[in-house]
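Take a look at the structure below.
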Amino acid sequence: MSIPVITPLKLAELCKEGRKIDLIDVRTPVEYREVHVEFSRNVSLDQLDPTALMQARNGLANEPLYVICRSGSRGQQACEKFLKAGFSNIVNIEGGTLACVEAGLPVVRGKKAISLERQVRISAGLLVLLGAGLGAFVNPAFIGLSAFVGAGLMFSGITDTCGMGMLLARMPWNRCRQTQTTCCTR
């Protein structure tokens with residue numbers, strides 16, 4: 001079953017029509033704090049429990065649940081989790097928060113943060129450099145670290161899942177007090 005997708009412009013139209021929009025943002029709390037759609041609420045992907053979330057949707061059980069992330073990939077993963085749990089009334093926001101900002105949807109801006117995607121690139125680069133340096137100057141066996149990271153990046157690209165990203169999402173610097181907003185009727 002394919003996951004329905006909606007553009008930010010269509011989402012804005014639905015809000016203007018006065019429809020109830022239940023929008024969850026599946027990025028880390030720190031990413032959410034940096035910038036998020038005004039009427040979204042944060043439920044990070046690593047904490048997502050589709051069954052509990054759907055049961056808590058008082059009066060909105062028949063309405064679609066809209067899912068957003070930074071650019072669409074984690075939103076797609078969240079939608080797949082909902083489908084696997086037996087929930088089909090899920091819609092992914094095309095292009096994620098970046099596209100919503102570009103489309104002019106109302107957003108809340110907070111403290112700047114390094115996105116999870118950038119953290120993965122920084123960490124992977126550091127580990128490859130560390131493995132190469134230690135392999136050249138300490139023991140050739142350390143080159144295995146660079147090979148391991150390279151294999152992990154290949155696996156990530158092939159499967160569209162990122163173990164390093166999931167690990168980094170759980171780090172203390174990616175946590176903050178969760179801000180919850182209610183569903184919006186505009």
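The values are calculated or read from the model by the stated rules, or taken from the named source; none is laboratory data. Small disclaimer: the values here were computed from a predicted structure and weren't measured. As a convention, Cβ positions derive from the backbone with ideal geometry for all residues, glycine included, and neighbour counts pool all protein chains shown.
Within the bounds of segment 146-163, is there any residue that is more than 19 Å from I3 (Cα to Cα), in a helix (DSSP H, G or I), in contact (Cβ under 8 Å) with a residue 24 or more places away in the chain and not β-branched (V, I, T)?
Restricting attention to segment 146-163, the residues satisfying the condition of being more than 19 Å from I3 (Cα to Cα) are 146-158, 162-163.
Applying the additional criterion that residues be in a helix (DSSP H, G or I) yields 146-158, 163.
Now drop any that are not in contact (Cβ under 8 Å) with a residue 24 or more places away in the chain, which leaves 149, 152-153.
If we keep only those that are not β-branched (V, I, T) too, we end up with 152-153.
Yes, there is a match, as at least one residue in segment 146-163 is more than 19 Å from I3 (Cα to Cα), in a helix (DSSP H, G or I), in contact (Cβ under 8 Å) with a residue 24 or more places away in the chain and not β-branched (V, I, T).
Determine whether G165 is in contact with a helix residue (DSSP H, G or I) (Cβ under 7 Å, 6 or more places away or on another chain) and within 30 Å of I21 (Cβ to Cβ). Yes: the conditions hold for G165.
Restricting segment 27-70 to residues that are surrounded by 18 or more Cβ atoms within 10 Å (Cβ to Cβ) and among the polar types (S, T, N, Q), the residue that is farthest from V108 (Cα to Cα) is S44. Condition check for M1 on (1) under 16 Å from V108 (Cα atoms); (2) part of a loop (DSSP other than H, G, I, E, B); (3) not β-branched (V, I, T): one failure, at (1). Filtered by the rule that a residue be in contact with a Ser or Thr (Cβ under 8 Å, 6 or more places away or on another chain) and at pLDDT 95 or above, segment 115-128 gives L127, V128.
Beta carbons closer than 7 Å, at least 6 apart along the sequence or on distinct chains, pair a first residue in segment 30-44 that is among the β-branched types (V, I, T) with a second that is crowded, with 22+ Cβ neighbours inside 10 Å and not in a strand (DSSP E or B) for V35/T97; V37/T97; V37/C100; V43/V26. Scanning segment 83-140 for residues that are among the acidic types (D, E) and assigned to a loop (DSSP other than H, G, I, E, B) turns up just one, E94. Listed by position, the strands (runs of 3 or more DSSP E) inside segment 11-71 whose residues that are out of contact with any strand residue (DSSP E or B) (no Cβ under 8 Å at 6 or more places or on another chain) and in the same structural domain as E102 (by TED's automatic domain parsing) number at least 1 form an empty set. In segment 168-180, which residues are loosely packed, with under 13 Cβ neighbours inside 10 Å and part of a helix (DSSP H, G or I)? Hits for segment 168-180 are P172, W173.
Exactly one residue out of S123, S88 is over 11 Å from the mean Cα position of the chain (by Cα), touching a residue at least 24 places away in the same chain (Cβ under 8 Å) and not assigned by TED's automatic domain parsing to the domain that holds L11, and it is S123. Before we move on, is T7 under 24 Å from L167 (Cα atoms) and surrounded by fewer than 20 Cβ atoms within 10 Å (Cβ to Cβ)? Here the answer is no, as T7 does not meet what is asked.
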